[in-house]
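Novice: The structure under discussion is supplied below as structure tokens; questions concerning it will follow.
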Amino acid sequence: MIIWISSYPKSGNTWLRSLISTYYFTEDGNFKFEALKNISQFPQKKYFKEKIDRPGKVSSYWLSAQREIVKDKKVKFLKTHNSLLAINGNQFTSPQYTIGAINIIRDPRNILTSLCNHYELTYDEGISFMNNDRKSIIDPNEKSEYSDFQYLSSWSNHVSSWTKTNQFRKMVIKYEDLAIDPYKVFRDIIVFINTLSNFENKIDEKKLENCLRTTEFETLKAKENENGFLESINSQKKNKKIKFFNLGFKNKWKDVVPKAYHEKINNVFKADLIKLNY
């Protein structure tokens with residue numbers, strides 16, 4: 001059965017996966033980028049026998065692919081940026097294959113700054129990206145293969161789709177809470193996963209502490225600078241990779257976004273900022 005690690009892009013999914021993969025797939029809790037391979041992205045090409053030759057076609061095979069994934073009846077962690085919304089009547093997942101989800105959300109104003117850096121967008125383009133009800137993403141380096149097509153919708157719709165679902169058990173965490181008290185939040189995540197999965201192991205406090213220490217932002221950034229990072233993408237404007245780990249906790253929208261945009265982005269996200277207590 002599947003446990004989803006879900007989020008809108010640039011919301012902290014990689015940090016969360018780093019913690020979870022290090023705790024559950026290493027002996028000592030010391031992070032290595034290789035550990036992330038234990039939580040692969042869905043959808044992606046390796047999960048489909050069919051040729052996915054146009055955007056959106058992959059939705060027809062979401063459930064059949066997940067049926068194959070859970071055939072061995074083991075717990076599987078999968079990362080996704082997909083919203084929990086249907087395309088042409090095709091549901092993204094089903095309680096038949098999913099036992100739960102951990103959804104990480106983040107202040108949309110800080111997502112905006114990270115998104116603009118990652119995709120090389122202006123702030124106007126970034127706001128349009130986040131407000132587009134039909135927004136999707138694919139690998140920018142693929143020109144004819146659409147297996148990794150992920151339907152985001154707008155940021156607001158994305159957040160609502162995961163946080164309000166009653167299809168399966170879910171845990172919603174804020175990036176900011178994980179940053180403020182990583183020990184408490186990650187300990188709660190381990191308890192949630194162990195309960196979902198019927199794991200009877202007691203929490204390994206030493207391993208938990210190692211996970212937190214070796215996945216600190218500056219440590220991850222240093223590892224990327226030294227060895228690169230597979231999830232970074234090629235710049236469309238410069239002949240180089242865009243650094244995946246950019247500002248981290250220093251990403252404070254009030255300091256980064258020009259003041260001329262402050263009122264605009266507060267108004268764009270106003271309802272959700274109030275609802276989510278941002």
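The values are calculated or read from the model by the stated rules, or taken from the named source; none is laboratory data. Keep in mind that this is a model prediction, so the values were computed, not measured. Glycine gets a Cβ as well: all are built from the backbone with ideal geometry, and neighbour counts include every protein chain shown. Ligands, DNA and RNA are excluded from the accessible area calculation, which covers all protein heavy atoms including side chains. Shrake-Rupley method; radii C 1.70, N 1.55, O 1.52, S 1.80 Å.
Novice: Leaving out ligands and nucleic acids, and using a 1.4 Å probe, what accessible area per residue does segment 84-213 come to in Å²?
Specialist: Heavy-atom SASA per residue in segment 84-213 reads 46 Å².
Novice: Could you grab the relative contact order for segment 131-212? Cα pairs under 8 Å, six or more apart, rounded to a whole percent. Could you put the intermediate results ahead of the total?
Specialist: Details: 54 pairs, mean separation 15.7, N = 82.
So the answer I get is 19 percent.
Novice: Sorted by mean Cβ packing within 10 Å, highest first, what order do the peptides 10-18, 202-210 take?
Specialist: Values: 10-18: 23.1, 202-210: 13.4.
Highest-to-lowest ranking by the protection proxy: 10-18, 202-210.
Novice: Can you give the helix-only mean residue ellipticity at 222 nm for the chain, where every DSSP H stretch with n ≥ 4 adds -39500 (n - 2.57) and the sum goes over all residues, rounded to the nearest 500 deg cm²/dmol? Present the calculation step by step, with values, prior to reporting the outcome.
Specialist: Working: 12 runs with 111 residues, N = 278.
One gets -11500 deg cm²/dmol as the mean residue ellipticity at 222 nm.
Novice: Name all residues of segment 159-194 having a backbone nitrogen under 14 Å from the label point set 7 Å from the Cα of Asn201 along its Cα→Cβ direction, giving them as ranges.
Specialist: 190-194
Novice: With respect to the cross-link table entries Lys174/Lys275; Lys32/Lys202; Lys10/Lys252; Lys74/Lys184, which display a Cα-Cα separation exceeding 20 Å?
Specialist: Checking Cα-Cα distances, Lys32/Lys202; Lys74/Lys184 exceed 20 Å.
Novice: So, one more: Quick one: grab the alpha carbon gyration tensor of segment 1-139, order the square roots of its eigenvalues as a ≥ b ≥ c, and give me rounded if a/c is under 1.5, else prolate or oblate depending on whether a/b is larger than b/c. Write out the running numbers ahead of the final one.
Specialist: Values: a/c = 1.95, a/b = 1.13, b/c = 1.72.
Cα axes put segment 1-139 in the oblate bin.
Novice: For the chain, which whole percent of the accessible surface, found with a 1.4 angstrom probe, sits on carbon and sulfur atoms?
Specialist: Exposed carbon and sulfur together represent 48 percent of the surface.
Novice: For segment 55-136, go through all pairs of different Cα atoms, get the mean of 1/r, take its inverse, and jot down that Kirkwood value in Å.
Specialist: Evaluated over segment 55-136, this radius sits at 15.1 Å.
Novice: Once phi is turned into θ = phi - 60°, what whole-Hz ³J(HN,Hα) does the Karplus curve with 6.51, -1.76 and 1.60 give for every residue of segment 154-169, x standing for Gly and Pro?
Specialist: For segment 154-169, the Karplus curve yields 7, 4, 4, 5, 4, 4, 4, 4, 8, 6, 9, 5, 10, 5, 7, 5 Hz.
Novice: So, one more: For the chain, taking Cα atoms only, what is the radius of gyration to one decimal and the Dmax to the nearest whole Å?
Specialist: Spelled out, the Cα radius of gyration and Dmax of the chain are 18.3, 54 Å.
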